[in-house]
Amino acid sequence: MKPLSWVIGMLVCLAAASVAGCKREQSQPAASSSPRVAATSTVLATLSATDLKPETGGTAPGHAGAASSGQGGESTILFSELGGGVAYIAQQNGNSHLVLNGQAGKGYEEIDQNYVLSRDGRHVVYAVKVKGKWRMVADGVEGVEFDTVGTPRISLDGKHTLYDAQRGDRWFLVVDGALNGGAPSYFDKNFINDSSKLVYIENVAGDDGMHRVIISDLSFGKLFGKDLRVENTIYNEDKSRMAVVAGIGAKKQLVVVDLENPGTVNEGALYDEISFPTFSPDGKITAYFARKEGKRYLVLNGKEEVLPDGEVGEAPAVSPDLKGGGVILKTNKGFYLHRAGGGEELSSPRYEEAALLSFSRVGDSYAYVARNGKKMFYVINGKSSPPFDRALAPAFTPDGKQIVGRVRKEGKRFVVVIDGGGRVVQQHPDYEMVFNPVFTSDGKFVAYGVKDGTRLAWKVEKLP
């Protein structure tokens, strides 16, 4: 069996149960809070109503904003983050159709599976192939044709669309159908959290390896620019901050840009290597691994801590208040949790595999997935849950006292709620497929999409 945390493509995809979750740029945690999460259970679509069934066997987006599909079999089903919509790609009479809330769109020879839904589920954007060329379709309206198009974006307020596209040897950014002047290529692009600005990274012609980080308004009016040799980028959850791993000569540096206040830039220390950068759940603290003068460090909020021996295979985890932080390490004796500031913790249990560490937003409670033999289970504050055949990424409830996880056991797929002692305090009904959970803003309910026979439904369950 391949290691959970070592084949990171497999591991993050296990958390998402989706190959496309890895193909797409990494996004959000397994569950999040929002004031607009739909708090009422409802059937969003009935497959028999359209006589169009979701394609299977391909890659699957799964959950808007979270790159997560349902368990047990890949499909193109995508639930919106806040529960207001569901979409999928289906075949009929040799054509592909995008079906939104049971209503099938126009048929095309091919639809790219990296389509996106707005958070409220009312808007969908997808790329289609027509006579060898690609067009982006936004709410049923076709854009102009290109040789190639990139993965689209929808602004957080659902009002604007963004994608990159190639025509000849030049790439362009397209916002709401309008093109910018183009560039040799683009490394990244995104809406900033207030939906009125963009951040994008373009390659600079004639300077090998140099990129230009640009913040602009939606008409491409430049508000900020900085030249960097960009190697990697990440965003915090609300897209208000961006972290860039940049090359400075032979060294590496983490550069954090405040996207809401263009020009506010924090440049970290120089290292020989930087890997697995991440933000804390509140987006204010950065964490990453670094190497300098032969030593490996865990860098939390700019503070260095020498790491003990062991390989790392995923980003470190940290709580917003810095009360909790750590990393799962692999040694020849097994996988174990190393707590930040707590030394090597040789007494920590060892597992055949372990990964997907997260800390609560409240206090220093932690949880991760582990495996011994053929069984997987959650480890919460050092206590193990009952075993499952499969367990996906844990998500802390807003009060930090429990975790919610999607699991499979004896062929059944369902959501469980587990307390800090590892006890299952609630087991939800089982379904054919279960999608990524989110929490209502009051923290009293967990909500998620399901495939229940011919029904695609949004389920809302009260937490214990």
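Restricting the search to strands (runs of 3 or more DSSP E) fully inside the stretch 266-363 and requiring at least 2 residues that are without any contact (Cβ under 8 Å) to a residue 60 or more places away in the chain gives 273-279, 286-292, 295-300, 303-306, 325-331, 334-339.
Every residue, every condition in (1) surrounded by 17 or more Cβ atoms within 10 Å (Cβ to Cβ); (2) out of contact with any Pro (no Cβ under 8 Å at 6 or more places or on another chain); (3) modelled with pLDDT of 95 or more; (4) of a type outside the set (Asp, Glu), yes or no:
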residue	(1), (2), (3), (4)
THR76	yes, no, no, yes
GLN91	no, yes, no, yes
GLY94	no, yes, no, yes
LEU117	yes, yes, yes, yes
MET136	yes, no, yes, yes
VAL149	yes, yes, yes, yes
PRO152	yes, yes, yes, yes
ASP157	no, yes, no, no
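What's the total number of residues in the stretch 153-172 that are more than 16 Å from SER185 (Cβ to Cβ), more than 20 Å from the chain's Cα centre (by Cα) and of a type in the set (Lys, Arg)? Adding up the residues that qualify gives 1. Number of residues in the stretch 159-172 that are outside any loop (DSSP other than H, G, I, E, B) and either touching a Pro at 6+ places or on another chain (Cβ under 9 Å) or among the acidic types (Asp, Glu) (or both): the value is 6.
Each residue in the stretch 173-186 was checked for being surrounded by fewer than 18 Cβ atoms within 10 Å (Cβ to Cβ), in a strand (DSSP E or B) and not small (Gly, Ala, Ser), and 1 pass.
Identification of strands (runs of 3 or more DSSP E) wholly contained in the stretch 401-451 with 1 or more residues that are under 21 Å from PHE79 (Cα atoms) and either of a type in the set (Lys, Arg) or over 24 Å from the mean Cα position of the chain (by Cα) (or both) yields 402-409, 412-419. Note on the stretch 139-152: residues that are under 22 Å from the mean Cα position of the chain (by Cα) and without any contact (Cβ under 8 Å) to a residue 40 or more places away in the chain amount to 3. On inspection, ARG361 does not qualify as more than 29 Å from THR40 (Cβ to Cβ), basic (Lys, Arg) and surrounded by fewer than 24 Cβ atoms within 10 Å (Cβ to Cβ). Is it the case that PRO464 is touching a residue at least 40 places away in the same chain (Cβ under 8 Å), touching a strand residue (DSSP E or B) at 6+ places or on another chain (Cβ under 9 Å) and crowded, with 22+ Cβ neighbours inside 10 Å? For PRO464, the condition - touching a residue at least 40 places away in the same chain (Cβ under 8 Å), touching a strand residue (DSSP E or B) at 6+ places or on another chain (Cβ under 9 Å) and crowded, with 22+ Cβ neighbours inside 10 Å - is not met.
The values are calculated or read from the model by the stated rules, or taken from the named source; none is laboratory data. Predicted model only: the values in this text are computed from it and were never measured. For neighbour counting, all protein chains shown are included, and Cβ atoms are generated from backbone atoms with ideal geometry for every residue, glycine included.
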